[in-house]
Amino acid sequence: MRQIIAGNWKMNGKFSDIAPFVATIVQAETEAELIICPPFPMLQSFAAALPAGKGSIGGQNCHANLAGAHTGDVAAALLAEAGAKYVILGHSERRMDHGETNADVAGKVLAAMNAGLIPIVCVGETGPERDAGEEMHIVHTQLTHSLPDSFAGIIAYEPVWAIGTGRTPSEAEVAAMHAHIRANLVARFAEDGAKTPILYGGSVKPGNAAALLALPEVGGALVGGASLFAADFLAIAASAPRG
Ligand code: PGA
């Protein structure tokens, strides 16, 4: 299956970054699907700047409700109207900074799907949870409660302790977790669960991308810091195994 390389710009970037970034990534010689998730105000300009077939745009959050009195929140349908095809949901920074629960994430996933967006749902254990040997249980619980009963989207396994730290789990640990997530998805969603892409995220860089992307059940990467640099993002995409 085609790999997915998604860039999460978080609260970074400015309008003047769009043109040089796009000028570089259009040169990508990769079969991977490239996705950029910039801050909300940049969505529409980014979508307009990306030539057709050269990548897609995603949001970094949405609200579970269609509309209403929710100051500071954004409706999934508006993201779609702005040109987004994807939306990252349940990122650990949202879970920590905004107290998002698994149930909150499940509501957002449904809203995103109803708006025609493809949700990228993040799961992953903290450092102390891994030290305590609880990572499989934690991720199982997150999947069980963050995904609605009918799910069409993408999972991103992002160990919280690997995000922005330069540390990653070993290849064996990534492979074990991705196998665990696959088994969980197949048990719950049968055929659909067998096809759901499972991305790895957390300190993915040009230097480690090829090894991580080649692991079984790794269907791509969710890239934070390195996605802000077009050349690094391109190098990561170029590491994706073909078809
Ligand atoms: P990082 O972030 O690549 O900077 O570790 C990944 C993420 O939070 O999605």
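Looking across the stretch 138-150 at every residue that is open to solvent by 30 Å² or more (accessible area, probe 1.4 Å) and assigned to a loop (DSSP other than H, G, I, E, B), the one that is farthest from residue 84 (Cα to Cα) is identified as 149. Specify the residue that is farthest from residue 109 (Cα to Cα); the eligible residues are those in the stretch 151-162 that are in a loop (DSSP other than H, G, I, E, B) and open to solvent by less than 30 Å² (accessible area, probe 1.4 Å). Only one residue fits best here, namely 159. Select from the stretch 198-240 the residues that are touching an Asp or Glu at 6+ places or on another chain (Cβ under 9 Å) and on the phi > 0 side of the Ramachandran plot and write down the one among them that is nearest to the ligand (Cβ to nearest atom). Among those residues, the one meeting the criterion is 202. Inspect the stretch 175-183 for any residue being open to solvent by 10 Å² or more (accessible area, probe 1.4 Å), in a loop (DSSP other than H, G, I, E, B) and either among the hydroxyl-bearing types (Ser, Thr, Tyr) or more than 17 Å from residue 120 (Cα to Cα) (or both) and give the result as yes or no. No, there is no match, as no residue in the stretch 175-183 is open to solvent by 10 Å² or more (accessible area, probe 1.4 Å), in a loop (DSSP other than H, G, I, E, B) and either among the hydroxyl-bearing types (Ser, Thr, Tyr) or more than 17 Å from residue 120 (Cα to Cα) (or both).
Is it the case that residue 195 is within 16 Å of the ligand (Cβ to nearest atom) and open to solvent by 50 Å² or more (accessible area, probe 1.4 Å)? No.
A Cβ distance below 9 Å, combined with a sequence gap of six or more or placement on separate chains, defines the contacts here; from the stretch 105-131, residues that are over 18 Å from residue 158 (Cβ atoms) reach residues that are hydroxyl-bearing (Ser, Thr, Tyr) and open to solvent by 20 Å² or more (accessible area, probe 1.4 Å) in the pairs 110/150; 113/150.
If the condition is being in a loop (DSSP other than H, G, I, E, B) and surrounded by fewer than 18 Cβ atoms within 10 Å (Cβ to Cβ), then the stretch 7-27 contributes 11, 12, 14, 26, 27.
Of the helices (runs of 4 or more DSSP H) lying entirely inside the stretch 75-137, the ones with 3 or more residues being surrounded by fewer than 22 Cβ atoms within 10 Å (Cβ to Cβ) and away from the ligand (no atom under 16 Å from the Cβ) are found at 76-81, 102-114, 127-131.
Residues that are in contact (Cβ under 8 Å) with a residue 24 or more places away in the chain and assigned to a loop (DSSP other than H, G, I, E, B) occur at least once in the stretch 207-215. Of all residue pairs spaced 6 or more apart or on separate chains, those with beta-carbon atoms under 8 Å, a first member in the stretch 193-206 that is closer than 17 Å to residue 239 by Cα and a second member that is of a type in the set (Phe, Trp, Tyr) and within 12 Å of the ligand (Cβ to nearest atom) are 198/157; 199/157; 200/157; 201/157; 202/161. Within the stretch 35-64, count every residue that is among the small types (Gly, Ala, Ser) and touching a Lys or Arg at 6+ places or on another chain (Cβ under 8 Å). Summing the residues that are among the small types (Gly, Ala, Ser) and touching a Lys or Arg at 6+ places or on another chain (Cβ under 8 Å) in the stretch 35-64 gives 3.
The values are calculated or read from the model by the stated rules, or taken from the named source; none is laboratory data. Fair warning: this is a prediction, and the values are worked out from it, not measured in the lab. FYI the Cβ positions are ideal-geometry reconstructions off the backbone, even for glycines, and counts take in every protein chain you see. Please note that ligands, DNA and RNA were not included when accessible areas were found on the heavy atoms of the full protein model with its side chains. Shrake-Rupley method; radii C 1.70, N 1.55, O 1.52, S 1.80 Å.
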